[in-house]
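Comments concern the structure below.
The values are calculated or read from the model by the stated rules, or taken from the named source; none is laboratory data. Note that the coordinates shown come from a computational prediction; the quantities given were computed from them, not determined experimentally. Heads up, the Cβs are rebuilt from the backbone with ideal geometry, glycines too, and the neighbour counts pull from every protein chain shown. Ligands, DNA and RNA are excluded from the accessible area calculation, which covers all protein heavy atoms including side chains. Shrake-Rupley method; radii C 1.70, N 1.55, O 1.52, S 1.80 Å.
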Amino acid sequence: MSRPLKVAVQMDPLAGIDINGDSTFALMLEAQARGYELFVYHVQGLSLREGRHGAVRAERLTARARPAAVRRVRGDHATLGEERILDLSQMDVILMRQDPPFDMAYITATHMLEHVHGIGPDRALVVNDPASVRNAPEKLLVTHYPNLMPPTLVTWDQQAIRDFRAEWRDIIVKPLFGNGGAGVFRIREDDENLNALLEMHFARSREPLMIQRYEPAVRRGDKRIILADGQPIGAINRVPAEGEARSNMHVGGKAVQVALTPRDREICAAIGPMLREKGLIFVGIDVIGDWLTEINVTSPTGLQEMDRFDGINSAGLIWDCILRRLEGAGDGAGGFVA
C-alpha cells in the first residue's frame, strides 16, 4: 500500500510477554520497522454500539486502546501512549492475538470483530478471519482430514473412551479446548487412573474429551510447522523433557532445528487451500511422526525460535501475505515455500 498501515493488536498485557519468544512481539517489531502505526488493546476493552441514534444508524466497534512502540530491550520493551477510544473500523489491520482458552468470551470477541472485518472503507482486515477462527477449533478442524491424523475419538461417552483404550492400549487424553499442554494425560493400558480422571473431568466440565492413540514418535519431537496464507514457511521441533509426555514449551519442551519432510509437505499441501479460502493467514500445525494432530488458528507461536534456527524473517513473510490480501491478491502465490 502507498501509505503506512494502522494496526490494532488485540492481545494479553504487553508488559508480561517474553520478548525473545513471543510471536505477537515479533509481528509488532516487523510492523514498526515497516513504519506502521501500532495500537494495543485487551479484549475486555471492546465495545459494540448498535442501533439508530436519531436519524443516523450507528454501528461502531471500539476499543480502549493505547498507541505502542516496541523494542527488543529486556525490561524496557514497550512504550505506551495515553489511552484513547479507538474506532476499529478505521484500522487497516486487526491482529487477534490474545491467548486461549477458546471459551465463550473468545467466541463473543469473534462475533464482535465480524462487524468490522473486511477490506475497504470502514473495514479492517482481521487476522485471522474471526468467523473462521470461531468455526475452526484447532482440535476439531483437524478431524476433517482423517487420512492425515492418528486414530482419534471425541466424545462424552466414558465407555467409548474405555473401549478406545482397550483397542489401542496406549492413549493421550486431552481437553478439547485446552492449550499449552494443560490437562493432557498419557494413559497406558494398565493405568488404573482412567476412571478417576474421567470422573474428575466430567464433574467439572460439560465439554467432551479428545482421545488419541499415543504416538511413540513424540519422543523425537512434536513438530510445529508455520503456514502463511496456506504456504509452509518453516518449522521447529519441540522435544519433550525427560519423563514428560507433553512437548509444549510451556511445560519444558525444548525447541530444536528441524527440516520439513516430504510427509510434512504433503500435509501442508492438503490443508493449505482450505486455510487460504477461510482467511486463516497465520497458522501453526502440529505433526508427530507422520500424523497431523492439531491445526492452531487462534494465537500460534514459534516465529522467533524458527527465525533463530533458519535465519529467516517469518513475521515479514506473514506481513507480506497480509499486504497481498489488502491489495486483493490473496491467492497464496508468494513463492516462499520453505
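How would 263, 71 line up by accessible area, probe 1.4 Å, largest first?
Details: 263 45, 71 70 Å².
Output order, biggest surface exposure first: 71, 263.
So with the 1.4 Å probe, I'd like the accessible area per residue for the chain, rounded to whole Å². Write down the numbers at each step before the final one.
Values: 15520 Å² over 338 residues.
Result: 46 Å² per residue.
Within segment 155-194, what whole-number % of the accessible surface is contributed by carbon and sulfur, with the 1.4 Å probe and all protein chains included in the calculation?
Values: 1050 of 2320 Å².
Whole-percent figure for carbon plus sulfur exposure: 45.
State the percentage of accessible surface on segment 1-105 attributable to carbon and sulfur atoms; use a 1.4 Å probe and exclude ligands, DNA and RNA.
Working: 2680 of 5410 Å².
Its accessible area is 50 percent carbon and sulfur atoms.
According to the Kirkwood expression over distinct Cα-Cα pairs, how big is the hydrodynamic radius of segment 27-137, in Å?
On the way: mean 1/r = 0.0658 Å⁻¹.
The answer is 15.2 Å.
So what J values fall out for segment 284-294 if you push phi through Karplus, 6.51 cos²θ - 1.76 cosθ + 1.60 with θ = phi - 60°, rounded to Hz, Gly and Pro as x?
x, 9, 10, 10, 10, x, 9, 10, 7, 10, 8
Once you have a ≥ b ≥ c as the square roots of the Cα gyration tensor eigenvalues for the chain, tell me rounded if a/c is under 1.5, and otherwise prolate or oblate according to whether a/b is larger than b/c. If you can, show how the numbers build up before the last one.
On the way: a/c = 1.85, a/b = 1.51, b/c = 1.23.
Prolate is the answer for the chain, as a/c is 1.5 or above and a/b outweighs b/c.
Under the rule of at least 5 residues apart or a separate chain, name every residue whose amide H is placed under 5 Å from the amide H of residue 210.
Under 5 Å from the amide H of residue 210 lie the amide H atoms of 174, 176, each far enough along the sequence or on another chain.
Which lysines does residue 174 reach when only Cα atoms under 20 Å apart count, and residues fewer than 8 places away in its own chain are ignored?
Those lysines meeting the cut-off are 139, 223.
Ordered by residue, what ³J(HN,Hα) values in Hz, to whole numbers, does segment 221-226 give under the Karplus form 6.51 cos²θ - 1.76 cosθ + 1.60, where θ = phi - 60° and Gly and Pro are x?
x, 10, 7, 9, 9, 9
Can you find, among 136, 226, 214, the residue farthest towards the positive end of the dipole of segment 113-259? Put +1 on the C-beta of Lys and Arg, -1 on that of Asp and Glu.
Farthest along the dipole direction, towards plus: 226.
Just to be sure I understand the model, the point goes 7 Å from the Cα along the line to the Cβ. What's the resulting residue 72 to residue 145 distance in nm?
3.1 nm
What list of ³J(HN,Hα) values in whole Hz, one per residue of segment 131-138 in order, does the Karplus curve 6.51 cos²θ - 1.76 cosθ + 1.60 (θ = phi - 60°) give from phi, with Gly and Pro shown as x?
My calculation for segment 131-138 gives 5, 5, 4, 5, 8, 10, x, 4 Hz in order.
Debye calculation, C-alpha points only, no solvent: report log10 I(q)/I(0) for segment 281-329 at q = 0.21 Å⁻¹, in the same order as the q values.
For segment 281-329, the Cα-only Debye profile gives -0.87.
Between residue 105 and residue 263, what is 0.36 nm times their sequence separation minus the Cα-Cα distance? Round to one decimal in nm.
53.2 nm
Just name one of 166, 111, 148: the one whose Cα is farthest towards the positive end of the charge dipole of the chain (beta-carbon charges, Lys/Arg +1, Asp/Glu -1).
111
What do you get for the angle between helix 104-113 and the principal long axis of the chain? Use alpha-carbon atoms, 0 to 90 degrees, nearest ten.
30 degrees
Cβ under 11 Å from residue 92's Cβ, residue 92 left aside: what net charge do those residues give with Lys, Arg +1 and Asp, Glu -1? Write down the numbers at each step before the final one.
On the way: positive: 3, 6, 123, 325; negative: 37.
For residues surrounding residue 92, the net value is +3.
Sequence-distant or interchain residues sharing an amide H contact under 5 Å with residue 43, placed H: which?
Result for residue 43 returns 11.
Using +1 on the beta carbon of Lys and Arg, -1 on that of Asp and Glu, and nothing else charged, what's the dipole of the chain about the Cα centre, debye to 20? Don't skip to the end; give the middle numbers.
Numbers: 40 positive and 45 negative charges, 117 e Å.
I would put it at about 560 debye.
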